[in-house]
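Each remark here refers to the structure printed beneath this line.
The values are calculated or read from the model by the stated rules, or taken from the named source; none is laboratory data. The shown structure was predicted, so the numbers you read here are calculated from the model rather than taken from an experiment. Neighbour counts run over all protein chains shown; Cβ positions are idealised from the backbone, glycine included. Please note that ligands, DNA and RNA were not included when accessible areas were found on the heavy atoms of the full protein model with its side chains. Shrake-Rupley method; radii C 1.70, N 1.55, O 1.52, S 1.80 Å.
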Amino acid sequence: MSATRFTYLGPEGTFTEAALRTLPEAATRELVPMVSVPAALDAVRNGEAAAALVPIENSVEGGVTATLDELASGEPLMIYREVLLPIAFALLVRPGTALSDIKTVTGHPVAQPQVRNWLRTHLPDAVWESAASNADGARLVQEGRFDAAFAGEFAAATYGLEALVTEIHDAQNAETRFVLVGRPARPAAPTGADKTSVVLWLGDDHPGALLELLQEFAVRGVNLMLIQSRPTGEGIGNYCFAVDAEGHISDRRVSEALMGLRRTCPQVRFLGSYPRAGVALSEVRAARPGTSDGDFTEASDWLARCLDGRA
């Protein structure tokens with residue numbers, strides 16, 4: 001395995017690269033752009049890279065399906081870090097291009113919902129076609145295949161383009177969440193401000209099946225931060241669920257919820273426990289009464305006394 005190499009969704013100039021460069025360890029690694037999320041993750045699975053940074057969630061569009069599907073299938077991988085990056089787009093064009101010259105535009109599919117209103121107002125007749133990434137869209141503009149691309153302003157210099165318009169976003173404070181993914185290993189020690197990610201499969205389709213799954217978290221006071229259904233590929237109506245929960249797998253309330261799910265779900269894939277990005281320990285909500293590690297320990301001790309006739 002190449003311990004000195006990180007892959008990311010490329011080509012050069014993507015928001016993913018910008019997010020990766022915010023990690024201190026990136027300064028000492030070879031950063032290798034890949035053509036797609038599956039390619040970036042397969043490099044980790046094949047031992048060609050120690051880790052990959054890929055987008056997993058956008059505050060406007062929701063989950064990045066390519067990443068969710070890759071993590072739910074294939075050889076298991078684990079999430080070790082997350083990065084939050086504010087997102088604002090620039091309209092990149094070849095030098096000399098005016099707004100009135102733009103007939104075709106491109107960008108990553110997740111970008112389109114974030115600039116839809118701007119497009120409707122300023123380029124109502126422009127034809128949109130998706131690219132593999134925003135930076136790849138910039139490359140296609142450089143090659144003359146499109147008139148303009150929505151990408152990070154920082155990508156302009158890489159592709160010999162200029163930013164005709166900057167700070168484009170339909171939603172204020174838009175963010176994308178990225179995750180650093182590696183091969184399975186022991187999770188990092190809890191920080192007190194952590195997140196646990198899993199993928200869950202329902203045993204059978206019956207009334208209340210999803211509710212039963214959610215109750216494993218609810219009765220133990222575990223707050224869910226994301227739940228998204230994804231088709232399993234086994235036919236209409238067959239879904240798995242990507243779930244992010246507050247807490248660390250070593251927290252009793254989280255570990256017991258996961259054990260309950262393991263008993264009732266045909267498959268549970270643990271994707272990792274890792275620090276929450278942008279959250280200070282002082283901002284973490286206290287555990288609900290009856291759900292702290294001390295509460296679980298006291299209940300376990302009480303049960304032991306009952307079994308010993310000492311209750």
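Give me the percent of accessible area attributable to carbon and sulfur for the chain, probe 1.4 angstrom.
Details: 7670 of 14970 Å².
Carbon-and-sulfur percentage of accessible area, whole number: 51.
Roughly how much of M34 is accessible, in Å² to the nearest 10, using a 1.4 Å probe?
40
Answer with one residue from G160, S100, L23: the one whose Cα lies farthest towards the positive end of the charge dipole of the chain, charges on Cβ with Lys, Arg +1 and Asp, Glu -1.
My answer, from the dipole projection, is L23.
What shape does segment 165-311 take by its C-alpha gyration tensor, where a ≥ b ≥ c are the square roots of the eigenvalues and a/c under 1.5 counts as rounded, a/b above b/c as prolate, and the rest as oblate?
Numbers: a/c = 2.17, a/b = 1.33, b/c = 1.63.
Taking the square roots of the gyration eigenvalues as a ≥ b ≥ c, segment 165-311 is oblate.
Where a ≥ b ≥ c are the square roots of the eigenvalues of the C-alpha gyration tensor, would you call segment 1-75 rounded, which needs a/c under 1.5, or, failing that, prolate if a/b is larger than b/c, or oblate?
Values: a/c = 2.02, a/b = 1.19, b/c = 1.70.
Note, shape of segment 1-75 comes out oblate.
Subtract the Cα-Cα distance of E256 and R120 from 0.36 nm times their separation in residues, and report this length gain in nm to one decimal.
Working: separation 136, 0.36 × 136 = 48.96 nm, distance 4.95 nm.
Answer, rounded to one decimal: 44.0 nm.
Here are a few candidate values for Rg and Dmax of the Cα atoms in Å: [x] 23.8, 98; [y] 18.5, 57; [z] 22.4, 87. Which one was actually calculated from the structure I just gave you?
[z]
Hey, can you find the accessible area per residue of the chain for me, probe 1.4 Å, expressed in square angstrom? Can you show the working numbers first?
Values: 14970 Å² over 311 residues.
Solvent-accessible surface per residue comes out at 48 Å².
Based only on the alpha carbon positions, what is the Kirkwood hydrodynamic radius of segment 31-164, in angstrom?
Values: mean 1/r = 0.0625 Å⁻¹.
This gives a value of 16.0 Å.
Which value in deg cm²/dmol, rounded to the nearest 500, describes the helix-derived mean residue ellipticity at 222 nm for the chain, given -39,500 (n - 2.57) per DSSP H run of n ≥ 4 and division by the residue count? Numbers along the way, then the final one.
Values: 8 runs with 81 residues, N = 311.
Taken over the chain, the calculation gives -7500 deg cm²/dmol.
May I ask which residue of G237, L303, T264 lies farthest towards the positive end of the charge dipole of segment 236-311, with charges of +1 (Lys, Arg) and -1 (Asp, Glu) on Cβ and the Cα centre as origin?
G237
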